[in-house]
Amino acid sequence: MEQEKRISFSWEKNSYLGYVEKEYENAYLVVVSDPSPDMEEKYTNRMVISKKDCRSTD
């Protein structure tokens, strides 16, 4: 089984952690570990984030 790639990213001036569910050419589909209430409501803990905005935490 492939190990999950853990990343951090910024959204609306806050930092978040998550893991990559799927990788695209220029972005990741990220499952957010500790989402904000707004993020939970609008995005159900999953967001597409540009690779330029992500940092690896491994």
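The values are calculated or read from the model by the stated rules, or taken from the named source; none is laboratory data. Predicted model only: the values in this text are computed from it and were never measured. Only protein heavy atoms, including side chains, enter the accessible area calculation; ligands, DNA and RNA are left aside. Shrake-Rupley method; radii C 1.70, N 1.55, O 1.52, S 1.80 Å.
Quick check for you: with a 1.4 Å probe and neighbouring chains kept, what is the accessible area per residue of the chain, in Å²?
76 Å²
Per-residue ellipticity at 222 nm from helix content only, as computed over the chain with -39500 (n - 2.57) for each DSSP H run of at least four residues, stands at -3000 deg cm²/dmol. The lysine pair tally for the chain, using Cα distances under 20 Å and a gap of 8 or more places or different chains, is 9. For the options GLU12, GLU25, GLU41, a Gaussian network treatment of the chain with springs between C-alpha atoms closer than 10 Å singles out GLU12 as fluctuating the most.
State the percentage of accessible surface on segment 1-51 attributable to carbon and sulfur atoms; use a 1.4 Å probe and exclude ligands, DNA and RNA.
44 percent
Sorting ASP38, ASP53 by solvent-accessible area of protein heavy atoms yields ASP53, ASP38, largest first, with a 1.4 Å probe. Each Cα pair under 8 Å and six or more residues apart adds its separation to the average, and for the chain the resulting relative contact order is 36 percent.
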